[in-house]
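What follows is a short report on a single structure.
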Amino acid sequence: MDAQDIRHAIYDFNFSYLQLAQRLINQDKALALFRLSIDDTMADTLKNVVPLSNQRVCL
């Protein structure tokens, strides 16, 4: 596994986690705050990240 493979694996993991976080926030914000250990401001920020921004966040 070279550096590019590792980078791609990290990106995939981060992207999947971000999608999960957004899904939790959209379904039940109070539960998401608890499970993700985040505050209301961070939840709103994650909820509003758009797909193009997701790519930059996950790198």
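The values are calculated or read from the model by the stated rules, or taken from the named source; none is laboratory data. Owing to the predicted nature of the structure, the values given are computational and were not obtained by experimental measurement. A quick note on method: Cβ atoms are made from the backbone with ideal geometry, for glycine too, and the neighbour counts reach across all protein chains shown.
Scanning the range 37-47 turns up no residue that is of a type in the set (A, V, I, L, M), surrounded by 11 or more Cβ atoms within 10 Å (Cβ to Cβ) and at pLDDT below 90.
Among the residues of this structure, Leu20 does not count as one that is modelled with pLDDT of 90 or more, surrounded by 12 or more Cβ atoms within 10 Å (Cβ to Cβ) and more than 11 Å from the chain's Cα centre (by Cα).
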